[in-house]
Each structure stands twice: as C-alpha cells, then as structure tokens.
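Data first, discussion second: the structure below is written as structure tokens.
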Amino acid sequence: MQDAISEILKIANEVHPANKLSDRESLVSQYYQYHPRLSSIKNCSPDAKVLDIGCGSGRLGYWKNYLLPKRNDIYITGIDLYTPVEKTALDAFFKVNLDEEILPFPDKSFDFIFMSHLIEHVQDWKALLFECDRVLKEASTLYIETPSLHSVNLPPRNLFVENGFTCTTINFYDDSTHTVAVDLDDVKKHMTDIGYYTLNQGYCKSVFLEDALIQYGFHFRDEEVTSYGIWSKLLFASGILLQKRSALLY
C-alpha cells in the first residue's frame, strides 16, 4: 500500500501545475469529455426519457448540458433515498428505498438508465437489475459504474490524507454505506442471460490527464480533482454499457 502512495506522491511533486495548466475548469472539462459516464448520457437517443438511479446531488441534470452536445431534449427522472441538493436540475424526482421498494414506474418507461456508484449500495443487485429491465424499453441502454473489484485492496483514504492529499473514497470500505464490491463480469453474464448486449466495458481511466489531475489537486488542495487523478491511476472504478435486445437484434 505504501508503495502506491509513494508513487502517487512522487507524481504530485514532479511538476507544479502552474507551469502547464491553464485553469481548473479546462482540466476538469477535459477529464469529463472522455469519461464513459458523460459520453453515455451524451449519446442516448433523441428526446430520451432518462432514469438516474441513485441520483445523489442531482448533477446529471447539469451534466446533460455540460460540454457538447447540449442535450436539452432529454428528460431526466432521478430517484434516491434522499432529496438531492440540485433537485431543480432534474425534471422529476422520486424518493425510493431500493432495498424495500420496486421502481415506481410502468413497464417500458425509459430509453436510458444511468446508475453511477449505486449498485454497490444495495442488498440485492440482481433484483434491482430485474426492475431496470422491466422499466427499460426495447433496444434501449443501461450504464452501470461501480468501484472495481480490487478497490477493496487499495490504500485507505486516511493514508493519503496523512501524506498531504485531500481526497474522498479511495478504498472500497472508506464508504461505510458500501455493501459488497460487484463484479461487472457477473453483471454482464446475468444481463446477457436475460437478453442484453454489452456495448462497452472496462476501467474508467484517463491516461493522458491523470498525472496533471494529481499534481493540480495536490498543490491546490482540491479534493475533487485529486480524487479524479487517484481514481484513474489506481483504476478505482469500472463501467459497463448494455443494450436491451429488440426484434431487430434477435
């Protein structure tokens, strides 16, 4: 664990970001421009009805018009256990306990389902995906992002903090609300069995920017930017994009 922290600390001290970066916004926008999380929402169908499961602060409503293309055409419904801070950015919001309730929507209601860092919080992810399948239209897509399996073995956040970093969750168990790390290969097999194609799967990584993110975050004590860089460097998160079969795809 200390080897990983030492290597990242070395990167943080190599070049001061003022020598190579224009501003924070350009760095963050480049990071998200190629992130599968943002590209998934930008690439959904025209006039799509989008369900954000575990919408958190409600930022997906902001992201739809962040960078290009602007997606004013999509309608975003968010669900979460708590009311989001940026609720007004969503078109609709429902408070739902996913461990106790089914999704409060009719069958085949949505063109795209977005589930970022949620599946690891529920007790029964297969039951949740059954509900996703029920409310998703044919030929529509589902994006899932979650901590990678090996995140359970990454150095904990407190060790990074002790070495001068400001960051959020690094080890899976830094977040006490996590239940179990979900293997996306298991998700892929399960969804294939019920009629889905895998369009894309892999780690969420930004090879080009990760060192600059670490350097900027470390020197300016920016928790968000630091976390982006460390997550990329340590392959903290993985994602999968799935498409539901239709009559055309059988």
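Odds and ends about this structure:
- Close pairs from the range 230-245: first of a type in the set (Val, Ile, Thr), partner in a strand (DSSP E or B) and surrounded by 23 or more Cβ atoms within 10 Å (Cβ to Cβ), Cβ under 7 Å, at least 6 apart: Ile240/Ile144
- Residue match in the range 56-64 (condition: out of contact with any helix residue (DSSP H, G or I) (no Cβ under 7 Å at 6 or more places or on another chain) and more than 25 Å from Phe236 (Cβ to Cβ)): no
- When Gly229, Gly164, Gly217 are checked against the criterion of being buried (at least 21 other Cβ atoms within 10 Å of the Cβ), within 20 Å of Ala12 (Cβ to Cβ) and more than 16 Å from the chain's Cα centre (by Cα), a single residue qualifies: Gly217.
- From the options Thr77, Thr83, residue that is polar (S, T, N, Q) and exposed (fewer than 15 other Cβ atoms within 10 Å of the Cβ): Thr83
- Only listed residue being surrounded by 14 or more Cβ atoms within 10 Å (Cβ to Cβ), in contact with a Phe, Trp or Tyr (Cβ under 8 Å, 6 or more places away or on another chain), of a type in the set (Asp, Glu) and in contact (Cβ under 8 Å) with a residue 60 or more places away in the chain, chosen from Asp222, Asp211: Asp222
- The set of residues from the range 167-193 being among the hydrophobic types (A, V, I, L, M, F, W, C) and either closer than 23 Å to Tyr32 by Cα or exposed (fewer than 13 other Cβ atoms within 10 Å of the Cβ) (or both) comprises Cys167, Ile170, Phe172, Leu184.
- Selection count, the range 184-195, where residues are touching a Ser or Thr at 6+ places or on another chain (Cβ under 9 Å) and either within 18 Å of Ile8 (Cα to Cα) or touching a residue at least 12 places away in the same chain (Cβ under 8 Å) (or both): 4
- Residue count, the range 112-130 (criterion: surrounded by 17 or more Cβ atoms within 10 Å (Cβ to Cβ) and either part of a helix (DSSP H, G or I) or of a type in the set (S, T, N, Q) (or both)): 7
- Scanning the range 19-45 for residues that are free of Cβ contacts under 8 Å to residues at least 60 places away in the same chain, among the polar types (S, T, N, Q) and closer than 29 Å to Leu98 by Cβ yields Ser39, Asn43.
- Residues being out of contact with any Pro (no Cβ under 9 Å at 6 or more places or on another chain), surrounded by fewer than 20 Cβ atoms within 10 Å (Cβ to Cβ) and within 30 Å of Asp222 (Cβ to Cβ) are represented in the range 87-100 by at least one member.
- Within the range 46-68, residues that are more than 14 Å from Phe112 (Cα to Cα) and of a type in the set (Lys, Arg) sit with their Cβ atoms under 8 Å from residues that are assigned to a loop (DSSP other than H, G, I, E, B) and modelled with pLDDT under 90, at 6+ positions apart or across chains, in these pairs: Arg59/Glu86.
The values are calculated or read from the model by the stated rules, or taken from the named source; none is laboratory data. Everything quoted here is computed from the prediction, not taken from an experiment. With ideal geometry, Cβ positions are generated from the backbone for all residues, glycine too; neighbour counts draw on all protein chains shown.
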